[in-house]
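Since the structure comes first, as structure tokens, the remarks are kept for the end.
No lab work stands behind these numbers, since they all come straight from the coordinates. This is a predicted model, so every value here is computed, not measured. For neighbour counting, all protein chains shown are included, and Cβ atoms are generated from backbone atoms with ideal geometry for every residue, glycine included.
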Amino acid sequence: MMFSGINTGFNGSGTFTPMTSVEKAFSEELIAYWISFVRSGNPNTFKLDRSPAWTEYFISGSADELKQRIVLQQDPNNSTAVSGSFIEMEPEEESVRCKFVASKAEEEQN
């Protein structure tokens with residue numbers, strides 16, 4: 001997606017797979033989030049108008065704190081005018097798992 005349809009073939013060669021208009025719209029959305037984050041430290045500053053705001057995710061909060069996350073996907077109705085991405089509540093068991101993994105980061109880095 002980042003390279004406009006170039007995929008690595010089984011033998012290391014490049015094969016071209018053209019993207020559909022919906023795939024291009026989705027890639028534009030992802031690239032806009034990424035460039036916005038690089039430019040400003042915030043994925044929302046320069047996001048596309050059709051894209052939902054990427055909410056901040058806190059891993060240091062209490063286990064019972066509800067967390068929102070963004071689901072990045074192309075529009076399931078194959079529209080290029082609206083985003084298929086959306087915000088959802090993270091299931092509690094996933095929040096617990098993420099908090100556990102985050103608690104290991106400093107120990108594993110050292």
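Between Arg39 and Asn77, take the C-beta separation as r, use R0 = 25 Å, and let me know the FRET efficiency to the nearest 0.05. Mind dumping the intermediate values first?
Working: r = 31 Å, r/R0 = 1.23.
For Arg39 and Asn77, the calculated efficiency is 0.25.
Between Ala53 and Phe10, what length comes free when the chain is fully extended (0.36 nm per residue of separation minus the Cα-Cα distance, one decimal in nm)?
Working it through step by step, the gained length comes to 11.7 nm.
How many lysine pairs does the chain hold where the Cα atoms are under 24 Å apart and the two sit 8 or more places apart or on different chains? Could the numbers behind the result be given before it?
On the way: Lys24/Lys47; Lys47/Lys67; Lys67/Lys99; Lys67/Lys104.
Going through the chain pair by pair, I get 4.
In Å and whole numbers, how far do the C-alpha atoms of the chain stretch along each principal axis, longest first?
46, 37, 29
Helix 21-40 sits at what angle to the longest principal axis of the chain, using alpha carbons and giving 0 to 90 degrees rounded to 10?
50 degrees
If you place +1 on the Cβ of every Lys and Arg, -1 on the Cβ of every Asp and Glu, and leave all else neutral, what size is the dipole of the chain about its Cα centre, to the nearest 20 Debye? Don't skip to the end; give the middle numbers.
Details: 9 positive and 16 negative charges, 92 e Å.
Rounded to the nearest 20 debye, it is 440 debye.
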